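Undergrad: I have a structure here, written as structure tokens, and I will follow up with some questions on it.
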Amino acid sequence: MKAHALIIETFRRRQAILIIHLAWLGAYAPLFLIPFPPKAWQWGGFLFAWSGCLLPLALSAGIFGHDIASGRMRLLATEPVRLWEFYLYRLLGLSLQAAVHLLTAGTLILVLQRLTGRGNIDRFAVWLLASWLIFSAWAALSTSVSVVVSREHNSMLVVLATIAATFPLYMLLLFFEDSIGTKIYIVVLRYAGPPVELLVRLGRGRCSLPGGLGSIAHSLLLTAFYAAIGILLLNRREFTAIKD
Amino acid sequence: MNGGEKDAVPVIECREVTKVYRGGKTAVRALDRVSLRVSGGTIIGLIGPNGAGKTTFLSLIAGLIFPTGGTIRVCGHPARSLEARRSLGYIPESPAFLARYSARAMLEYHAALHGLSRAAIREETDRLLAQLRLEEYADRAVGGFSLGMRQRLALAIALLDRPRLLLLDEPSNGLDPLGVIELRQVLLEVQRTGATVIISSHRLGELERLTSDYVFLHQGRIVEFASELAAGQMGRLRIELLPGSPLVAEELLTSYRPLEMSEAGLVVGVGGVQDVPRVVSSLVQAGVQITGVALEAQDIEQTFVRLYQEGDGS
């Protein structure tokens, strides 16, 4: 019952969550009005970017930060629930929402693509898996940031940090492509940041079977690593009152 | 009350608890080496001026913040541990809920967090909705609740699974007079089950009807504690004397605390009306000439204000 209550809570905690799901799904249908040629538009890649990378930031906004800022956490943290359970079940709640969302979106895209013939759905099942994996990684990162950032600023911070991390990469590639510093920076981003590049390669089928399995394992481990940091922060977090 | 004589394991045991809030270059010592031991089945009023450390103290016991120094145990378990949290119910000063949930759904959600079975959740929810007279509003979204209704819902949540310790931070905020009376009745019922209640309140008159045990916090320290002390200062006995007698009288009344002295008389702190004959007879027997006696009974609010002012001046 405890797990069920916490998982359901991730969906019911704000009215906006239902609206976000509907808005995200609603964005797919109008795109089919654009006469994409089959080779120019890959629906799997779009699903990966739209629902895999952007949706988790919208759904996880303020997932702990809002509770902490509003004082709700002062009521929750005195309940006999281990703080790691709060974190884990909330992340699981997000992940399950993503699974349902992606399956719904996938069905919608498949039907519309079959009806219109616009764009392509090559390796669609793999893209669906990659989208769920990247969703979970972003969601874990954003949820962990939410433990230390008040209100809904966690998602914005993740976006800004991503821009701040990728902009220097372009500069380095432009001016110091062969330097060792650039190579180290790329390795750090590739393996410590959300594994966008590796999962895109998986979706496009540009890796071997062991390489693909490695990417899946890496993505899951990274999600677990982000979650572990969030749990550590939550355990060390004080839930203070504004006044005394 | 605070000696832990009744229970082998005290409900609350704080040893040398210090809490310092650090922010940039400044540090605020909210609590300073506070020690306290509370046994079961008592109601304790936690009082003190704003900034005295009341909310900090309750937050530390509830495990919401960490002490900078010292140890806190709740029912024998370290504060913030799962076992400690299982033993307590807590109402923050401004309880916040998920606005979309109804009162029933909110209670069911918190009951689920207690690990209760589906049947037990339903039973507990119905019991508490009835006890806190929330049945009428049970299916309304909490977002539309008044402050008083939110306080009642918070109390219902705190009472889930019958805690051994109830920590209440300003629970009567927003309650109408009827709500305050109901709160008092609920707390007395809780006490009868053997649970301990610590209640922080600015409305001191309400506490007086609930308990005679107080913790006076001032500048992060316990100024006075124990009912005997509080009770000993509950009355001011004004004795009017012939000129020249007050000094003699003061020397005679060594067991009573002198509060004021003038040419025309003196004021001493007494426990109540039962002390008046004892004081008067001891003075008369010593030959002191009394021209008038008046007992100014003080309620807890006046006592607190006086103690606070005296403490400030020292």
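The values are calculated or read from the model by the stated rules, or taken from the named source; none is laboratory data. Fair warning: this is a prediction, and the values are worked out from it, not measured in the lab. Counting neighbours? That spans all protein chains shown, and the Cβs are built from the backbone with ideal geometry, glycine included.
Undergrad: Please state which one of B:Ile91, B:Ile72 is touching a Pro at 6+ places or on another chain (Cβ under 9 Å) and more than 9 Å from every other protein chain (Cβ to nearest Cβ). Walk me through how you get there before you give the answer.
TA: Values: B:Ile91 fails: more than 9 Å from every other protein chain (Cβ to nearest Cβ).
Just a single option satisfies the conditions, and that option is B:Ile72.
Undergrad: Tell me which helices (runs of 4 or more DSSP H) are completely within the range A:143-206 and hold 3 or more residues being within 28 Å of A:Ile17 (Cα to Cα) and modelled with pLDDT of 90 or more, or say none if there are none.
TA: A:153-175, A:196-204
Undergrad: I'd like the residue in the range B:39-69 that is among the polar types (S, T, N, Q) and more than 7 Å from every other protein chain (Cβ to nearest Cβ) and, out of all such residues, is nearest to B:Val197 (Cα to Cα).
TA: Filtering the range B:39-69 for residues that are among the polar types (S, T, N, Q) and more than 7 Å from every other protein chain (Cβ to nearest Cβ), the one nearest to B:Val197 (Cα to Cα) comes out as B:Thr42.
Undergrad: If you don't mind, there's one more thing I want to ask. Return yes when B:Ile121 is outside any loop (DSSP other than H, G, I, E, B), within 16 Å of B:Ile91 (Cβ to Cβ) and in the same structural domain as B:Gly53 (by TED's automatic domain parsing) and no when it is not.
TA: When the stated conditions are applied, B:Ile121 does not pass them.
Undergrad: Go through (1) buried (at least 21 other Cβ atoms within 10 Å of the Cβ); (2) modelled with pLDDT of 85 or more; (3) not hydrophobic (A, V, I, L, M, F, W, C) and name the single condition B:Thr193 misses.
TA: (1)
Undergrad: So for the range B:153-172 (the condition being in a loop (DSSP other than H, G, I, E, B), more than 12 Å from chain A (Cβ to nearest Cβ) and in contact with an Asp or Glu (Cβ under 7 Å, 6 or more places away or on another chain)), does at least one residue qualify?
TA: Yes, there is a match, as at least one residue in the range B:153-172 is in a loop (DSSP other than H, G, I, E, B), more than 12 Å from chain A (Cβ to nearest Cβ) and in contact with an Asp or Glu (Cβ under 7 Å, 6 or more places away or on another chain).
Undergrad: Would you check which residues across the range A:109-140 are hydrophobic (A, V, I, L, M, F, W, C) and either touching a Lys or Arg at 6+ places or on another chain (Cβ under 6 Å) or surrounded by fewer than 16 Cβ atoms within 10 Å (Cβ to Cβ) (or both) and list them?
TA: A:Leu110, A:Val111, A:Leu115, A:Ala125, listed by residue number.
Undergrad: Can you go through A:Ser70, A:Ser95 and tell me which one is polar (S, T, N, Q), over 21 Å from B:Glu108 (Cβ atoms) and either crowded, with 22+ Cβ neighbours inside 10 Å or free of Cβ contacts under 8 Å to residues at least 60 places away in the same chain (or both)?
TA: A:Ser95
Undergrad: Is it fair to say A:Trp132 is under 20 Å from the mean Cα position of the chain (by Cα), among the hydrophobic types (A, V, I, L, M, F, W, C) and within 14 Å of chain B (Cβ to nearest Cβ)?
TA: In short, no.
Undergrad: Let me ask you something else. Identify the residue in the range A:49-101 that is within 10 Å of another protein chain (Cβ to nearest Cβ) and among the polar types (S, T, N, Q) and, among all such residues, is nearest to A:Ser144 (Cα to Cα).
TA: Restricting to residues being within 10 Å of another protein chain (Cβ to nearest Cβ) and among the polar types (S, T, N, Q), the top hit is A:Ser70.
Undergrad: Has the range B:105-116 got at least one residue that is in contact with a Lys or Arg (Cβ under 7 Å, 6 or more places away or on another chain), assigned to a helix (DSSP H, G or I) and more than 7 Å from chain A (Cβ to nearest Cβ)?
TA: no
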